[in-house]
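For reference, the structure discussed in these notes is given below.
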Number of protein chains: 2
Amino acid sequence: MTTINEIAKLAGVSRSTVSRVLNHDKNVSDRTRTKVQAVIDEQGYQPNPVARSLTSGRTRVLGLVIPMVVSSLFRDPFFSLLAQGISTVCTLNNYTLMLWLMEPNYEKRTSDNILNNRLIDGIIVASSKIGDPLIEGLITRKVPLVQIGRNDCPDVSSVDADNIHGSVMAVRHLVSIGKNQLATITGQMELYSGRDRLTGFKHGLQENNLPICDERIAFGNFTEESGYTQTKLLLSKTAFDGLYIASDMMAFGAIRAIYEAGLRIPEDIAIVSFDDIPPAERHQPPLTTIRQPIRRMGSIAAQTLIDQLETDDTATPRRIILQTELKIRETTIRSEFSNHYSQMPVRSTP
Amino acid sequence: MTTINEIAKLAGVSRSTVSRVLNHDKNVSDRTRTKVQAVIDEQGYQPNPVARSLTSGRTRVLGLVIPMVVSSLFRDPFFSLLAQGISTVCTLNNYTLMLWLMEPNYEKRTSDNILNNRLIDGIIVASSKIGDPLIEGLITRKVPLVQIGRNDCPDVSSVDADNIHGSVMAVRHLVSIGKNQLATITGQMELYSGRDRLTGFKHGLQENNLPICDERIAFGNFTEESGYTQTKLLLSKTAFDGLYIASDMMAFGAIRAIYEAGLRIPEDIAIVSFDDIPPAERHQPPLTTIRQPIRRMGSIAAQTLIDQLETDDTATPRRIILQTELKIRETTIRSEFSNHYSQMPVRSTP
DNA sequence: TTTCCTTTTGAAACCGGTTTTAATGCTTCA
DNA sequence: TGAAGCATTAAAACCGGTTTCAAAAGGAAA
């Protein structure tokens, strides 16, 4: 691999000069610059980023941590979309992305790896648990950090969707279509997104003078599976005509459970969920859901982090909250042309 | 951040000695070793990996490239599972993972970034297109490489599922349940996995003395969407009682199309797909599919690459082909207790 | 032509490690 | 007691860049 010394020799200058040309330093005469640049181009020379990093202290590498609290979480398109948003911004800014998937089995180990890794300029942590030691560690070590999802610590930058307001909108919508016995299935209570969506649900009930009944609150963990089982649980112990469920994935499970119970959607139970991942629209029936701009959250987080790094201002935290949007589809309002399953053959006798 | 010099000073030795202790060099007296180690532990000193890399030429970073030929591809759990497998092996071996998602819009740009990036010791490329210039570039630059998915070049290591044999099994199964008018929807022909599954399908037909009819071959691209549209296309132009479709995601689309056409599964059309991603089993109806061990492909690829790097033997390519398995579910054989949709309410009149 | 100032360039120091080479100290043995 | 041999350690060179500092070159003014 060619080094700066060889380029210097070929161009007949010192390596300081080559370095200046590489870094667009103005203290180089035009004649020298063109001469050196010609050699660089001819040799297809690229400076060694490791050597560069050693002096500059910068690597142009960002870290992305995705805790797989439940390993199946990553199957959820949420993280794919997030990664896409982040990756694109990195590419456009000539950064590269280092990925850590935190499997529960190796949580401690991965966490240590991340903390001891000095290759990254900054890090994005997606939906970490409340009080996650990794976050504490990153803060102590002053690693520039942007969290996806809100956090308590006001010193940390974060990008989040307005979970509370989104949830209020969900309740309003259910009320507006005449539902008044509302139940909810929450996400994980270890995540702010899980808590906030429950808080918003309660706000919504209060706002509409509806009672908050504990037996109409079931606790899920964002997985399809938990959506299914918690819906069954709710159905078994209480009556309700509207369900606010904290993620689309869980809604898929809920719909299964509701159909298996022989109930109609939305006539018997209307459902509003949260996320609006791509399959939400394709699903039968298509989900009414609170859309959060997942991919955009990723790109904004990356852009924020890069801005902080490039302006050398990692001290002042930036906290960004993105608005959500109610997407009305057929789990709350049956469209005129809707035909959930109506063309699907019902099984003849076994 | 503490450096080796400070440790040396504190321990009252030269930095060479500290370096020896760090690298478990035997030429250090026990007395000195304990003394130095004590200081290291006390200070919580970790050597700077960038500086280390500069001399060692190793970074302990692996690259992972996921071309998003269709941007929606990454929504497919295939890549999530693959990434999981790779990530776990990296963590266990103290490697870190650098991720590139190749968006079609920035393909050239990303490709250049990857090629000019000298931070990685080796790279794993997942389902690259046939003749992908990135691969050529990596080979020319002698970057240690493992491909997920087969390739023509015998010099490159690869990990692949046995697409051809798996497809033959699919046909055998369809024939075994009495189907003899078989159609197929292929994956992308730019991918070996797409081609091989078609090849296997044809082998299967020949083996069973069934004709190969061009109008029963439709060309998809692995997306749910293409599964839907290509199934409609097939239904419109030919009759068939068995469908071999090259991915689970496409099968989801195909099922939609078949139900919309008012046909029964598996009575009118039986379906075998490929992959066995997690939703395949949960789907209604659950998919009969050829299982490929996706996560394991990822971990084997990573382990192979790491082995090659650590044994300094990146010259001899290793080509690994993993066996597939037929998972029989309800898109080919209705179970006794099956109840596809039978409990789901059919829409009353609008 | 000389002087002074501004550009431009090269030499040297540095980033934080590893590795080679040379020096030191300690044993061992004649 | 002195020389040889070995284990241990320090000094120095190196990895491939950037940056500081000083020197050289060039140009303008006197």
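The values are calculated or read from the model by the stated rules, or taken from the named source; none is laboratory data. Every value quoted in this text rests on a predicted model; they were computed, and no experiment measured them. Note that each Cβ is placed from the backbone with ideal geometry, even for glycine, and that neighbours are counted across all protein chains shown.
Values computed for the structure shown
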quantity: Cβ-Cβ under 8 Å pairs, at least 6 apart or on other chains, the stretch B:1-12 side more than 14 Å from every other protein chain (Cβ to nearest Cβ) and among the β-branched types (Val, Ile, Thr), far side part of a helix (DSSP H, G or I) and within 12 Å of DNA strand D (Cβ to nearest atom); calculated: B:Ile7/B:Arg15; B:Ile7/B:Val18; B:Ile7/B:Val36
quantity: Residue count, the stretch A:28-59 (criterion: in contact with a helix residue (DSSP H, G or I) (Cβ under 7 Å, 6 or more places away or on another chain) and near DNA strand D (Cβ under 8 Å from one of its atoms)); calculated: 6
quantity: The stretch A:45-63 residues that are at positive phi, paired with ones that are away from DNA strand C (no atom under 13 Å from the Cβ) and assigned to a strand (DSSP E or B) (beta carbon under 7 Å, 6 or more apart); calculated: A:Arg60/A:Thr96
quantity: Filtered residue count, the stretch A:94-112, keeping only those that are surrounded by fewer than 18 Cβ atoms within 10 Å (Cβ to Cβ), touching a strand residue (DSSP E or B) at 6+ places or on another chain (Cβ under 9 Å) and at pLDDT 90 or above; calculated: 0
quantity: Identity of the residue in the stretch B:222-264, β-branched (Val, Ile, Thr) and out of contact with any helix residue (DSSP H, G or I) (no Cβ under 6 Å at 6 or more places or on another chain), that ends up surrounded by the fewest Cβ atoms within 10 Å (Cβ to Cβ); calculated: B:Thr229
quantity: Positions within the stretch A:284-324 being within 14 Å of chain B (Cβ to nearest Cβ) and either on the phi > 0 side of the Ramachandran plot or out of contact with any Asp or Glu (no Cβ under 8 Å at 6 or more places or on another chain) (or both), in sequence order; calculated: A:Gln284, A:Arg295, A:Gly298, A:Ser299, A:Ala302
quantity: Strands (runs of 3 or more DSSP E) lying entirely in the stretch A:289-328 (those with 1 or more residues that are free of Cβ contacts under 8 Å to residues at least 12 places away in the same chain and in contact with a Pro (Cβ under 8 Å, 6 or more places away or on another chain)); calculated: none
quantity: The listed residue being touching a residue at least 60 places away in the same chain (Cβ under 8 Å) and within 9 Å of another protein chain (Cβ to nearest Cβ), out of B:Pro77, B:Pro67; calculated: B:Pro77
quantity: Output for the stretch B:28-62, where each listed residue is within 8 Å of DNA strand C (Cβ to nearest atom) and part of a loop (DSSP other than H, G, I, E, B); calculated: B:Tyr45, B:Gln46, B:Pro47, B:Asn48
quantity: Test: residue in the stretch B:166-182 that is over 22 Å from B:Glu325 (Cα atoms) and part of a helix (DSSP H, G or I); calculated: no
quantity: B:Ile130 vs. criteria at pLDDT below 90 and either of a type in the set (Val, Ile, Thr) or in contact with a Cys (Cβ under 8 Å, 6 or more places away or on another chain) (or both); calculated: yes
quantity: Considering residues of the stretch A:139-163 that are surrounded by fewer than 21 Cβ atoms within 10 Å (Cβ to Cβ) and assigned to a helix (DSSP H, G or I) only, the residue farthest from the chain's Cα centre (by Cα); calculated: A:Thr140
